[in-house]
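Down below is the structure, laid out as structure tokens.
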Amino acid sequence: MDEYTVEIKRTDVDGKTRMQTFKVPKDKVSTVLETLLYIKGYLDQTLTFRYSCGMEICGSCGMEINGKPHMACSFVLDNFKGDKILIEPLKHFKILRDLAVDIDPFFDKYKAVKPYVIRNDDGNYQKELLQTPKQFDEYIDYSMCIKCGLCMAACPIEGSDENYLGPAPLTAAWRFIADNRDQGKKMRLEIVSGAEGASRCHFAGECTEVCPKGVNPSFAIQKLRSSMIGLEFQKLFGGK
């Protein structure tokens, strides 16, 4: 066949849902994002979706493609080896319209873990805060997160408990705890030690599987749990 059959789950502003099918030209290089732009430009200008950079940096174009969370800008249709493509909005997010979802709750959770370097000094530095290559390696992989939300959409706990912090925020917490320049470890561990924090994770591993940057949120959460145990021992035996 010389064309793809693209089925898109569409939702209007009133919440009414329908499936719509489009026929688009087939080639070897087009991504899902380029296909959506073709549909919007030539077949239906009302189609709504979110995107920005087009090169898997901004994290804007996450969506469900053939039943799994993917970045639309890096999913090449020809790699799927099929003629039918199903595109839906990310799971576990409120749908605003068509493929665009409300990401504000996600970023609220992300901000809750204080994703920045916390210092106990006055901030008046005469030189940079030194860091060895080994210390940098402790957190660099976790800093690759582009806040796309794919891990949140893949997480089964996120789907059943909207208050769960989720893999991306928990990974952000570990990224800064692992940073030798940071002094906010105890504060963050208190945040993620709650009932909706790291202990809520069931280690399904879906978050790691779908991450487009290889961040491995599942392992970061295991690291958090180990640190949480250490914090509890400090409390029991009077450590600071």
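The values are calculated or read from the model by the stated rules, or taken from the named source; none is laboratory data. Predicted, not measured: the structure shown is a model, and the values here were computed from it. Ideal geometry is used to build each Cβ from the backbone, glycine not excepted, and the neighbour counts take in all protein chains shown. Please note that ligands, DNA and RNA were not included when accessible areas were found on the heavy atoms of the full protein model with its side chains. Shrake-Rupley method; radii C 1.70, N 1.55, O 1.52, S 1.80 Å.
Details
- Any hit, the range 145-158, residues being in contact (Cβ under 8 Å) with a residue 24 or more places away in the chain and of a type in the set (Asp, Glu): yes
- Some residue of the range 76-87 being open to solvent by 70 Å² or more (accessible area, probe 1.4 Å) and within 16 Å of the chain's Cα centre (by Cα): no
- The range 18-48, residues that are part of a strand (DSSP E or B), surrounded by fewer than 11 Cβ atoms within 10 Å (Cβ to Cβ) and of a type in the set (S, T, N, Q): Thr21
- Checked against (1) acidic (Asp, Glu); (2) at pLDDT below 95; (3) within 23 Å of Ile65 (Cβ to Cβ), Glu88 meets all criteria but (2).
- Count of residues meeting criterion [out of contact with any Phe, Trp or Tyr (no Cβ under 7 Å at 6 or more places or on another chain), in a loop (DSSP other than H, G, I, E, B) and in contact (Cβ under 8 Å) with a residue 24 or more places away in the chain] in the range 73-92: 6
- Which numbered condition Thr171 fails, given (1) open to solvent by 50 Å² or more (accessible area, probe 1.4 Å); (2) at pLDDT 95 or above; (3) closer than 18 Å to Phe106 by Cβ; (4) polar (S, T, N, Q): (1)
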